[in-house]
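Have a look at the structure below before the remarks.
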Amino acid sequence: MEKDAYERGMATRRKVMGEGHIAKRGAGKDRFTAQHQEVMTAIAWGEIWSRPGLELKVRSLVVLAMLTALNREDELRGHVNGALNNGATPDEIYEVLLQAAGYCGFPSSNGAVRVMVEVFKERGLI
């Protein structure tokens, strides 16, 4: 694994997801999850998220749409927080999830909106 990609990835990941998320993902690592986190950090965060072609806010909103399409509520919570950390507004996040309903169906969007509301409540936004 390229050390520079990993370091770049950790810096981007910390900026987007926050220290709490990083610590939570690092807790209870075994050799398999540790290796998986390192590879994911280098590739997803160091090579893809760190590219200059899109602002982090735009990347976050795209990820929210994709996670909604995939029905990945387990990953959505962290990325709603990440989108807020990247400057997305609650209204922008909701609009992305509503847009996803038109293409992915309301069952996927409903679950995403529930997670979004939980995060907004936790952060005192509603």
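We did not get these values from a lab; they are worked out from the coordinates using the rules stated. It should be emphasised that the depicted structure is a prediction, and the values quoted were computed from it without experimental measurement. Neighbour counts are summed over all protein chains in view; Cβ atoms, including those assigned to glycine, are modelled from backbone coordinates with ideal geometry.
Structure above, values below:
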{"read-out": "Calculated P(r) tail over 21 Å for the range 1-109, as whole % of Cα pairs", "value": "38"}
{"read-out": "The chain, helix-only ellipticity at 222 nm - DSSP H runs n ≥ 4, -39,500 (n - 2.57), divided by all residues, nearest 500", "value": "-23000 deg cm²/dmol"}
{"read-out": "Listed peptides 113-120, 101-108 by packing density, highest first (mean Cβ within 10 Å)", "value": "113-120, 101-108"}
{"read-out": "Computed label-point distance, nm, for sites F32 and E7 using a 7 Å Cα→Cβ extension", "value": "3.2"}
{"read-out": "Neighbourhood net charge (14 Å Cβ-Cβ; Lys/Arg +1, Asp/Glu -1) for E2", "value": "-2"}
{"read-out": "Computed lengthening from I22 to D74, 0.36 nm per intervening residue step minus Cα-Cα distance", "value": "17.2 nm"}
{"read-out": "Nearest 10 degrees, 0 to 90: helix 73-85 Cα axis against the chain principal axis", "value": "90"}
{"read-out": "Simple spin-label estimate for D91 and M40 in nanometres, 7 Å along Cα-Cβ", "value": "3.4"}
{"read-out": "Local electrostatic count, I22, Cβ distance below 10 Å [Lys/Arg +1, Asp/Glu -1]", "value": "+3"}
{"read-out": "Peptides ranked, highest mean first, by Cβ atoms within 10 Å: ranges 49-57, 5-13", "value": "5-13, 49-57"}
